[in-house]
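Q: Questions regarding the structure given below will be posed in turn.
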Amino acid sequence: MSVLAAVNSHILYRETHQRDQKLRFWSNGSGLFPRKTSGFWVDLRNRDWKKISRRDLRAEAFWPDSSRPTILEMEPINDSDHLDQILAHAREISQPILIDWMAAWCRKCIYLKPKLEKLAAEYDTKIKFYCVDVNKVPQTLVKRGNISKMPTIQIWKDGEMKEEVIGGHKAWLVIDEVREMVKKFV
C-alpha cells in the first residue's frame, strides 16, 4: 500500500475492494471473508457469521495489538537515597536496572530517550529503566555514577554498576549496543 493509502482511508478501501474484486479468493474459514454483503464484511475467524463494518475493517488493518504497551516512560531518580531504595528493591527481586544519565540541554540525550522508552517496553518484566537528569540532582549522585559524558546508559545489578554505554554516536547504534548489554544481564 502506498503512504497515501494510510492517510486516506477511502483510498485504502477502494484499493482493497478493487483487489478483492479481482482475486475473489476464499479463506477456508481461517481469516476475513473478502466478499462484501450489503455494506458489511463477514468475519469467519471464530466460525461465526458476525458482521463487521468497513470502519472496523480499516481500524483492524492499521492498529497493532494493543494488549502490550509500546512505550514505557522511564522513572526519574531524584537523589542518592532514591537510588539506594531502587537498588535495594532490585537486589531483593534479583533484577538488573538500567539508568540513563542525561541532561535536558543535551540534544543526543533528548533524541535517545524515546528510543530507550520503546526498548523499555520490550523488556518490561525483565529489567526496569530509570533516568537521571544530571542538572536536577545533587552532584553526589552524579559522582556516584562516575558520569563524565552524556548520554551514559548503565546497567546496575547487585548494587553496583556492571556495564555502560556512552552514547555519543548515532542513536540506532547506541540502541543496538544497549540491547546487547541488556541481553547479557537478563
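The values are calculated or read from the model by the stated rules, or taken from the named source; none is laboratory data. None of these values were measured; they are calculated from a predicted model. Every residue, glycine among them, receives a Cβ derived from its backbone with ideal geometry; neighbour counts consider all protein chains shown. In case anyone asks, the SASA skips ligands and DNA or RNA and just uses the protein heavy atoms, side chains included. Shrake-Rupley method; radii C 1.70, N 1.55, O 1.52, S 1.80 Å.
Q: Does VAL142 count as at pLDDT 95 or above and either part of a loop (DSSP other than H, G, I, E, B) or within 25 Å of THR70 (Cβ to Cβ) (or both)?
A: no
Q: So, one more: GLN154 fails exactly one of the following numbered conditions: (1) polar (S, T, N, Q); (2) in contact (Cβ under 8 Å) with a residue 60 or more places away in the chain; (3) touching a Leu at 6+ places or on another chain (Cβ under 9 Å). What is the number of that condition?
A: (2)
Q: Is it the case that some residue within segment 89-107 is open to solvent by less than 90 Å² (accessible area, probe 1.4 Å), charged (D, E, K, R) and out of contact with any strand residue (DSSP E or B) (no Cβ under 8 Å at 6 or more places or on another chain)?
A: Checked segment 89-107: no residue is open to solvent by less than 90 Å² (accessible area, probe 1.4 Å), charged (D, E, K, R) and out of contact with any strand residue (DSSP E or B) (no Cβ under 8 Å at 6 or more places or on another chain).
Q: Quick one: in segment 65-88, of everything that is open to solvent by 80 Å² or more (accessible area, probe 1.4 Å) and of a type in the set (Val, Ile, Thr), which residue is farthest from THR152 (Cα to Cα)?
A: THR70
Q: Filter segment 109-127 down to residues that are touching a helix residue (DSSP H, G or I) at 6+ places or on another chain (Cβ under 7 Å), open to solvent by 10 Å² or more (accessible area, probe 1.4 Å) and not in a loop (DSSP other than H, G, I, E, B) and give me whichever is farthest from LEU173 (Cα to Cα).
A: TYR111
Q: Further, regarding this structure: Would you please name the residue that is surrounded by the most Cβ atoms within 10 Å (Cβ to Cβ), looking only at residues in segment 135-186 that are touching a Pro at 6+ places or on another chain (Cβ under 6 Å) and under 19 Å from LEU87 (Cβ atoms)?
A: Ranking the candidates gives ILE155 first.
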